[in-house]
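Let me begin by presenting the structure, written as structure tokens, before commenting on it.
The values are calculated or read from the model by the stated rules, or taken from the named source; none is laboratory data. In this text the structure is predicted, and so the values were computed from the model without any measurement. Virtual Cβ from ideal backbone geometry, glycine too; neighbours counted across all protein chains shown. We work out accessible area using only protein heavy atoms, side chains counted, and drop any ligands, DNA or RNA first. Shrake-Rupley method; radii C 1.70, N 1.55, O 1.52, S 1.80 Å.
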Amino acid sequence: MIARFDNSYARLPGALHAGVLPTPVAEPVLIRVNGPLARELGLDPQALTAEIAVGNRIPEGASPLAQAYAGHQFGHFVPQLGDGRAILLGEVVDLNGRRRDIQLKGAGPTPFSRRGDGRAALGPVLREYLVSEAMHALGIPTTRALMAATTGERVYRESALPGAVLTRVAASHIRVGTFQYFAVRRDLDSLAALIDHVIARHYPGLSAAENRALALLDAVMAAQARLVARWAGVGFIHGVMNTDNMSVSGETIDYGPCAFMDAYDPGTVFSSIDEYGRYAYANQPAIAQWNLARFAETLIAFLDPDRDVAIRIATARIEAFPALYTDQWTDVFRRKTGLATTEPGDTDLIHALLDAMHVARADFTLTFRRLSLGEEPEELGGWIGQWRERLAREPQAEGTRRAMMQSANPAYIPRNHMVEAMIQAAVERADYAPFAEMVGVLENPFREQPGMEAYGQPPGETERVYRTFCGT
């Protein structure tokens, strides 16, 4: 592994992190290396060995550490969380000049493990590898998967399971919860250092802003509005939208009990630990706003010297989020329905489509794909006529419109029943062929692939997946 590490986070005040080395494992075996991503990072894929993938060998220049953070988990504040089973090896600057974290997930206990073993089971590692790479191919900001390897050891959850480690790549792993960790401790020096670091790393255009904290709040709000609107466009449900799982860079992070909707239902919940539907599909925009309000609270001391004025400033910004999100959401669904121009009734037209899909329990992905191919699903009833009437006022040619729609409506997503079957094959039989095939199909989700039609079909009644699990 030849990489030029430049570990800017490790140079921040010590309260922000704790140095820790991965715990070696006995018999690591490499499952997969993401060759294109490795080359993008300036790495030689052939040099990425199982020993590196599990942390038995630390690359030269790395500075392994665990990050400190707090978080609201299902609305309840936990003042100390931190990387309990993830170790940041360090940062590299890729071939495009972008700074990227390289992190090992499942590499052993850290000072933040809270009596946990710091390990990861094979199933969640394969899920995160596959889904994060699928999200990237779908054009949605996300952490990436560089490597997956088994450890040769068992981890114990409800039962004994094969252990594994995921090598994850991110713009950074700084979360809303990172800011909360220092705000609750009234550590303004660390907060100031964190604000400067995030602006320099993710939003350098804000460096000359008159009020840097306010400019950062605005930037993170805009990034989250774009991100969650894109989730909505592919029927993605994060599952655990805690503040410690919201990245300030605007990337999707921490794929635990995530899933994609099959039949459209805004109340869809998959996470086995989300008993009351807090993070249901339709609730994600409101939860994003709630999380951003918690972020704004951490910045109060930097928004204005007068606390009351600072609170008014923050409140006004947070109250503007729904309109910001609606603009992003409408843009996403305009593209999905072939609308290149804007009319006042477009939002109502899109909602009418979703209402018809809900009543018919139409498959979310397949319905939009069929529309993009020129088909007219009969279960949409009278909506088709309304849509055709609206399309008649569009200036673009039909071929141009279909091309736009097909680039916005995937033929393939990580179907939950197929993901679960893939995990079962790997865990029970050490059969990684389904995993490799799924990764290959999902690298090109907008292109029809002969022989892979099953990946575009919804589950049969006995194949439906109703619950997904975190795996921690």
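Membrane-span-like helices in the chain, defined here as complete DSSP H runs extending at least 24 Å along the helix axis by their C-alpha atoms with mean Kyte-Doolittle hydropathy no lower than 0.0, are 212-234; this is a sequence and geometry rule, not a statement about a membrane. On a C-alpha basis, how far is the centre of the stretch 70-138 from the centre of the stretch 396-430 in Å? Whole number, if you could? Value for the Cα centre distance between the two parts: 25 Å. Per-residue packing, averaged as other Cβ atoms within 10 Å, sorts the ranges 414-421, 241-248 into the order 241-248, 414-421, beginning with the highest.
Report the GluC sites (Glu not before Pro) located in the stretch 80-182 that are in a DSSP loop and have at most 10 other Cβ atoms inside 10 Å of their Cβ, or state none. Numbers along the way, then the final one.
Values: sites: 91, 128, 133, 153, 158; in loops: 158.
Those that pass, being in a loop and sparsely packed, are 158.
In the chain, helical runs assigned H by DSSP with n ≥ 4 each contribute -39500 (n - 2.57); averaged across all residues and rounded to the nearest 500, the mean residue ellipticity at 222 nm is -12500 deg cm²/dmol.
Just check the stretch 1-155 against the gyration tensor rule for me: Cα atoms, a ≥ b ≥ c as the square roots of the eigenvalues, rounded for a/c under 1.5, and otherwise prolate or oblate depending on whether a/b exceeds b/c. Rounded. Taking only protein heavy atoms and a 1.4 Å probe, the accessible area of the chain is 52% carbon and sulfur. Across the protein chains, with a 1.4 Å probe defining accessible surface, the residues 196, 218, 101 rank 196, 218, 101 from largest area downward.
Take the Kirkwood radius over Cα pairs of the stretch 302-350, plug it into Stokes-Einstein at 37 °C and 0.692 mPa s, and you get 253 µm²/s for translational diffusion. Per residue, the Cα convex hull of the chain amounts to 153 Å³.
Please say if the stretch 75-123 is rounded, prolate or oblate, where rounded means a/c under 1.5 for a ≥ b ≥ c the square roots of the C-alpha gyration tensor eigenvalues, and otherwise the choice is prolate for a/b larger than b/c and oblate otherwise?
Working: a/c = 2.58, a/b = 1.69, b/c = 1.53.
Note, shape of the stretch 75-123 comes out prolate.
Computed over protein heavy atoms with a 1.4 Å probe, the accessible surface of the stretch 24-122 works out to 40 Å² per residue.
Indicate the gyration tensor shape class of the stretch 362-403 (rounded, prolate or oblate), computed on the Cα atoms with a ≥ b ≥ c the square roots of the eigenvalues: a/c under 1.5 is rounded; otherwise a/b larger than b/c is prolate and the rest oblate. Cα axes put the stretch 362-403 in the oblate bin. For the stretch 8-54, pairs of C-alpha atoms spaced more than 15 angstrom apart make up 61 percent of the total.
Taking the Cα centre as origin and putting +1 on Lys and Arg beta-carbons and -1 on Asp and Glu beta-carbons, what dipole magnitude results for the stretch 304-367, to the nearest 20 debye?
Numbers: 7 positive and 11 negative charges, 46 e Å.
Charge dipole, the stretch 304-367, about its Cα centre: 220 debye, nearest 20.
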